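J.: My structure is below; once you've seen it, I'll send some questions.
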Amino acid sequence: MIRRTQEIDAILIELNKSIDAHYKWLVKMFRCVVSSDVTQPDISGDDSHAVCQFGQWLKDHPQHDDDECSYISDIHATHEKMHLLGKELLLAIVEERSHSWHFDSFQDALLAFTSAVMDYKIYLLTIRSNIDVLTGLPGRRMLDESFDQQLLDAEPLNLYILLLDIDRFKHVNDTYGHLVGDRVLRSLASNLLSWTRYDEVAYRYGGEEFIVIIRTKTDEQACQAGLRLCHLIGQKKIPYPEGEIGITVTAGITRVQQGETLDNGLGRADRAMYEGKQTGRNRCMFMDEKEEITLVGTNDQLTPRVRA
């Protein structure tokens with residue numbers, strides 16, 4: 001699942017706060033050393049890393065994929081070790097048994113923690129830079145970079161490309177203006193984020209075209225997903241200052257074979273969609289690997305006509 005830009009921004013703020021919070025934690029450690037106070041739970045407690053506000057945030061922080069899990073795991077480990085070695089250093093100083101390695105170990109732990117946080121921030125910023133500014137959806141570049149791995153990871157399921165194009169979008173811009181056209185694009189993107197399920201990821205392809213990557217078992221299930229989205233789009237009115245706009249989409253869907261390129265799959269989906277445009281719009285078309293096109297259905301027709 002792809003995070004929204006607002007989610008990424010909120011996480012980046014929390015990560016920045018984590019560094020600030022641990023500067024304050026260091027100052028508090030100095031005060032404890034001066035006063036020989038070893039009773040503060042967030043300094044010398046056995047679970048000081050968990051008592052820490054950032055530690056609580058880490059515990060509750062949801063993770064969306066294996067890459068993110070790896071970054072969070074590194075932060076967890078370095079955060080806990082930093083607190084542990086900070087406690088050991090404090091006790092060693094207060095009990096007058098400190099050695100240079102106490103300081104070196106604590107310094108290394110601090111650097112490891114800040115490095116782990118920075119690595120996660122870079123990961124999030126990379127994702128954010130690949131998100132379409134207007135719609136908040138991941139863009140074509142992110143799909144390009146992740147597609148081969150997505151295709152491999154889809155097994156034992158199949159991977160499908162659903163290409164959606166807003167019908168007569170030029171008429172929307174010409175009639176209502178480009179600001180309303182942008183509102184339509186943003187609303188559709190927001191709706192796709194809400195309507196797509198766990199094994200479906202939406203992307204902004206460009207202009208008025210969107211892509212949904214679908215992982216499922218059969219052609220029939222993929223077409224049902226495509227029809228579901230087309231139906232939802234056709235039923236949802238998009239508000240603008242003077243009223244509401246209803247839109248429909250024409251969609252092309254195809255299964256991508258293992259080892260096949262994104263461009264090949266997109267080419268078939270595009271040809272299927274073009275056939276839908278030529279035969280009436282407001283419909284979903286399926287193209288198989290032999291390039292045979294089948295009408296799956298229209299927005300109001302939810303029974304697929306392809307076999308698994």
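J.: Scan region 106-124 residue by residue and report those that are surrounded by fewer than 16 Cβ atoms within 10 Å (Cβ to Cβ) and closer than 19 Å to ASP46 by Cα.
T.: Result: no residue meets the conditions.
J.: Then there's this: Looking at the structure I just gave you, is GLU155 closer than 30 Å to GLU275 by Cβ, open to solvent by 50 Å² or more (accessible area, probe 1.4 Å) and out of contact with any strand residue (DSSP E or B) (no Cβ under 6 Å at 6 or more places or on another chain)? So that I can check it myself, show each step before the final result.
T.: Details: closer than 30 Å to GLU275 by Cβ: yes; open to solvent by 50 Å² or more (accessible area, probe 1.4 Å): yes; out of contact with any strand residue (DSSP E or B) (no Cβ under 6 Å at 6 or more places or on another chain): yes.
Criteria met by GLU155.
J.: Looking at region 158-202 only, could you name the residues that are of a type in the set (Gly, Ala, Ser), outside any helix (DSSP H, G or I) and surrounded by fewer than 17 Cβ atoms within 10 Å (Cβ to Cβ)? Let's see the steps before the verdict.
T.: Of region 158-202, the ones of a type in the set (Gly, Ala, Ser) are 177, 181, 187, 189-190, 194, 202.
When the remaining residues are screened for being outside any helix (DSSP H, G or I), the result is 177, 202.
Selection gives GLY177 alone.
J.: Out of everything in region 203-219 that is over 14 Å from ARG140 (Cβ atoms) and surrounded by fewer than 17 Cβ atoms within 10 Å (Cβ to Cβ), what residue ends up being farthest from the chain's Cα centre (by Cα)?
T.: THR218
J.: Just to be sure, is ASP42 in a helix (DSSP H, G or I), touching a Cys at 6+ places or on another chain (Cβ under 8 Å) and modelled with pLDDT under 85?
T.: On the way: in a helix (DSSP H, G or I): yes; touching a Cys at 6+ places or on another chain (Cβ under 8 Å): yes; modelled with pLDDT under 85: yes.
The answer is yes for ASP42.
J.: Given the criteria under 13 Å from the mean Cα position of the chain (by Cα), surrounded by fewer than 20 Cβ atoms within 10 Å (Cβ to Cβ) and in a helix (DSSP H, G or I), does ILE127 qualify? Walk me through how you get there before you give the answer.
T.: Numbers: under 13 Å from the mean Cα position of the chain (by Cα): yes; surrounded by fewer than 20 Cβ atoms within 10 Å (Cβ to Cβ): yes; in a helix (DSSP H, G or I): yes.
It is true that ILE127 is under 13 Å from the mean Cα position of the chain (by Cα), surrounded by fewer than 20 Cβ atoms within 10 Å (Cβ to Cβ) and in a helix (DSSP H, G or I).
J.: How many of the residues in region 11-34 are within 20 Å of GLU95 (Cα to Cα) and either outside any helix (DSSP H, G or I) or charged (D, E, K, R) (or both)? Outline the logic, then answer.
T.: At the first step, the residues of region 11-34 found to be within 20 Å of GLU95 (Cα to Cα) are 26-34.
Next, from what is left, pick out any that are either outside any helix (DSSP H, G or I) or charged (D, E, K, R) (or both): 28, 31.
The number of residues fulfilling the criteria is 2.
The values are calculated or read from the model by the stated rules, or taken from the named source; none is laboratory data. What you are looking at is a predicted structure, and each value in this text was computed from that prediction instead of being measured. Cβ sites come from the backbone with ideal geometry, for glycine too, and all protein chains shown count toward neighbours. Areas reflect the complete protein model, heavy atoms only, side chains present, ligands, DNA and RNA absent. Shrake-Rupley method; radii C 1.70, N 1.55, O 1.52, S 1.80 Å.
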